[in-house]
1. Please work out which residue is surrounded by the most Cβ atoms within 10 Å (Cβ to Cβ), limiting yourself to the stretch 114-131 and to residues that are out of contact with any helix residue (DSSP H, G or I) (no Cβ under 7 Å at 6 or more places or on another chain) and in contact (Cβ under 8 Å) with a residue 24 or more places away in the chain.
2. Test Ala292 against the criterion of being in a helix (DSSP H, G or I), surrounded by 11 or more Cβ atoms within 10 Å (Cβ to Cβ) and either at pLDDT 70 or above or among the β-branched types (Val, Ile, Thr) (or both), and give yes or no.
3. Hey, among Met169, Met197, Met225, which residue is modelled with pLDDT of 70 or more, surrounded by fewer than 18 Cβ atoms within 10 Å (Cβ to Cβ) and in contact with a helix residue (DSSP H, G or I) (Cβ under 9 Å, 6 or more places away or on another chain)?
4. Only one of Val79, Val54, Val98 is outside any strand (DSSP E or B), among the hydrophobic types (A, V, I, L, M, F, W, C), in the same structural domain as Ile315 (by TED's automatic domain parsing) and surrounded by 23 or more Cβ atoms within 10 Å (Cβ to Cβ). Can you tell me which?
5. Filter the stretch 43-78 down to residues that are touching a residue at least 40 places away in the same chain (Cβ under 8 Å) and more than 18 Å from Ile97 (Cβ to Cβ), then give me how many there are.
6. Conditions: (1) more than 20 Å from the chain's Cα centre (by Cα); (2) at pLDDT below 95. Arg135 meets all but one. Number of the miss?
Amino acid sequence: MSEVALNEQSGLRPRGAPEVSIVIPVFNEQGTLHHLVGEIQRVLAHERYELVLVNDGSKDRSSDILHELAAEHPEIVVVELSRNFGQHPAIIAGFSIVRGRWIVTLDADLQNPPEEIPRIIDQLRAGHDVVGSIRENRQDPWLRKQVSSLVNTVTTASIGVGMRDYGCMLRGYSHHVVEEIVELAEQAAFIPALAMMLAANPIEIEVRHYEREEGSSKYSPLRLMRLGFDLITGFSLLPIQMVSVAGLVIAILGGALSMLLFARRIILGPESEGIFTLFAILFAFMGVLLLAVGLVGEYVGRIYAEVRRRPIYRIREVISQSGSPDPSDELR
């Protein structure tokens, strides 16, 4: 168990350790970084905090800007990943080095304003070990909101974890929940759902949401649908069970139809009418079979990925004014 966790149990804090850790994944966000850091410094002026900025293989000037910010501000820690691993692995990489008692995650695009961070921290201090957020008056394109709503509904029904908004990354976690997430290190980790499954006293609050001023979203509707599919299959067997039930129903209906057609042939004799209806039924059966094969392949692929246990991220360098730990110690 880490020094932070031991001191949490004893009610003490390590000397010089921050009370709050802010973890932000960064991918091609050069236009927002200075404003983002300035806003966080303003709203957390009375907190003892660290700001962990994880560069997830950015191709623009984000890396240079992050290095400059780390040189200027002692509370900033920059984590450089070896390549682009994705939003959730980048956050887990940040989780692996945080020192705070309370951890808050935030996107770098400023759609969720940093002014909401103190509200998240207040809920953590009130005894909640996971604080989720619901985007109030969400400022995103219509199609994106509809796809996100569909993913939220299907995911909630599949995994049985009551959350209204899986896509908002402005969230708070106690250190023990973060340690469990890092320890699990799942290949297809989806942090909000995983944290809610680990939480003993979670809560969700509404937060403001603004239009994106710089850059563009990294999640297209297709990627959102893919993320939802990953989330559902990664946390539940419900999809494959539903296909099994559908297969049973179709088999019963198919048997009944066969008996009906046989009886019709005995009574009326051979006839050619209805052949296209039979083709339509056959194609429907084939569609269900292909869906079943695809779902089985998805689950087998996930088992294969977990068995290989390849790292979901690789830290190349950690940069801060207090020194850079050996990146070889930060592999997961």
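The values are calculated or read from the model by the stated rules, or taken from the named source; none is laboratory data. Because the structure is a prediction, the values reported are computed rather than measured. Counting neighbours? That spans all protein chains shown, and the Cβs are built from the backbone with ideal geometry, glycine included.
1. Ile120
2. Working: in a helix (DSSP H, G or I): yes; surrounded by 11 or more Cβ atoms within 10 Å (Cβ to Cβ): yes; either at pLDDT 70 or above or among the β-branched types (Val, Ile, Thr) (or both): yes.
In short, yes.
3. Details: Met169 fails: surrounded by fewer than 18 Cβ atoms within 10 Å (Cβ to Cβ); Met225 fails: modelled with pLDDT of 70 or more.
Every option except Met197 fails the conditions.
4. Sole residue among the options that is outside any strand (DSSP E or B), among the hydrophobic types (A, V, I, L, M, F, W, C), in the same structural domain as Ile315 (by TED's automatic domain parsing) and surrounded by 23 or more Cβ atoms within 10 Å (Cβ to Cβ): Val98.
5. 4
6. Answer for Arg135: the failing condition is (1).
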